[in-house]
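*Asks:* Structure in structure tokens, see below.
The values are calculated or read from the model by the stated rules, or taken from the named source; none is laboratory data. Note that the coordinates shown come from a computational prediction; the quantities given were computed from them, not determined experimentally. Glycine also receives a Cβ, built like all others from the backbone with ideal geometry; neighbour counts cover every protein chain displayed.
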Amino acid sequence: MARKGGFQGGMPGNMNNLMKQAQRMQRQMAEQQKALEEKEFTATAGGGAVEVTVTGNRQVTKVVLQPEAVDPDDIEMLQDLIVAAVNEALRKVDEEVTASMSKMTGGIGNLGGLNF
């Protein structure tokens, strides 16, 4: 005959620990997100001819162009430099996000085949 009451033998304690750990991770993630949003990431292209700054929430806040980057006969080069600098700054944001998540989830390890 089947037992009543669902899982028996220590499972509720493990579930409570898992829930506490999940709540702690959720708080840490919120703190990390806030800290990330306050950070700025700067990248350059064209040997410093173009400099772009973005925030952790991927908002472009500043673009600095050196005079030598502005050639009216070669607007395409300037456009390419801006795109390259923006993409590099966004890559830096992604790198920071990945590093932060790695720190937080490193203690969990492998949960049922899911790697964090």
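*Asks:* Within the bounds of the stretch 35-43, is there any residue that is β-branched (V, I, T), surrounded by 12 or more Cβ atoms within 10 Å (Cβ to Cβ) and under 11 Å from I82 (Cα atoms)? Let's see the steps before the verdict.
*Replies:* Initial filter on the stretch 35-43 (β-branched (V, I, T)): 42.
Add one more test, that the residue is surrounded by 12 or more Cβ atoms within 10 Å (Cβ to Cβ), and what stays is 42.
Imposing the further condition that a residue be under 11 Å from I82 (Cα atoms) reduces the set to none.
Scanning the stretch 35-43 turns up no residue that is β-branched (V, I, T), surrounded by 12 or more Cβ atoms within 10 Å (Cβ to Cβ) and under 11 Å from I82 (Cα atoms).
*Asks:* Given the criteria free of Cβ contacts under 8 Å to residues at least 12 places away in the same chain and among the acidic types (D, E), does E95 qualify? Steps first, please.
*Replies:* Working: free of Cβ contacts under 8 Å to residues at least 12 places away in the same chain: yes; among the acidic types (D, E): yes.
Here the answer is yes, as E95 does meet what is asked.
*Asks:* If you don't mind, another one. N57 - would you say it is at pLDDT below 95, touching a Leu at 6+ places or on another chain (Cβ under 9 Å) and exposed (fewer than 13 other Cβ atoms within 10 Å of the Cβ)?
*Replies:* Values: at pLDDT below 95: yes; touching a Leu at 6+ places or on another chain (Cβ under 9 Å): yes; exposed (fewer than 13 other Cβ atoms within 10 Å of the Cβ): yes.
The answer is yes for N57.
*Asks:* Give me the pairs, please: first residue somewhere in the stretch 57-80 and under 21 Å from V93 (Cβ atoms), second residue anywhere and in a strand (DSSP E or B) and of a type outside the set (A, V, I, L, M), beta-carbon distance under 7 Å, and either six or more positions apart or on two chains.
*Replies:* Within 7 Å, the pairs are T61/E40; T61/T53; T61/T55; K62/T53; V64/E51.
*Asks:* Among residues belonging to the stretch 58-91 that are within 23 Å of L36 (Cβ to Cβ) and in a loop (DSSP other than H, G, I, E, B), point out the one that is nearest to the chain's Cα centre (by Cα).
*Replies:* Restricting to residues being within 23 Å of L36 (Cβ to Cβ) and in a loop (DSSP other than H, G, I, E, B), the top hit is R58.
*Asks:* Can you find a residue in the stretch 15-28 that is surrounded by 12 or more Cβ atoms within 10 Å (Cβ to Cβ) and modelled with pLDDT of 90 or more?
*Replies:* Narrowing the stretch 15-28 to residues surrounded by 12 or more Cβ atoms within 10 Å (Cβ to Cβ): 18, 21, 24-25, 28.
From the residues that got through so far, the ones that are modelled with pLDDT of 90 or more too are none.
No: zero hits.
*Asks:* Hey, another quick one. Restricting attention to the stretch 21-51, which residues are over 18 Å from the mean Cα position of the chain (by Cα) and under 25 Å from D94 (Cβ atoms)? Full working, then the answer.
*Replies:* Step one: of the stretch 21-51, the residues over 18 Å from the mean Cα position of the chain (by Cα) are 21-24, 44-51.
Once the filter is applied, which keeps residues that are over 18 Å from the mean Cα position of the chain (by Cα) and under 25 Å from D94 (Cβ atoms), the stretch 21-51 yields A22, R24, T44, A45, G46, G47, G48, A49, V50, E51.
*Asks:* What are the residues in the stretch 74-99 that are crowded, with 17+ Cβ neighbours inside 10 Å and either touching a Pro at 6+ places or on another chain (Cβ under 9 Å) or over 18 Å from V54 (Cα atoms) (or both), if any?
*Replies:* L78
*Asks:* Taking the condition of being at pLDDT below 95 and touching a helix residue (DSSP H, G or I) at 6+ places or on another chain (Cβ under 7 Å), how many residues in the stretch 79-101 meet it?
*Replies:* The total comes to 3.
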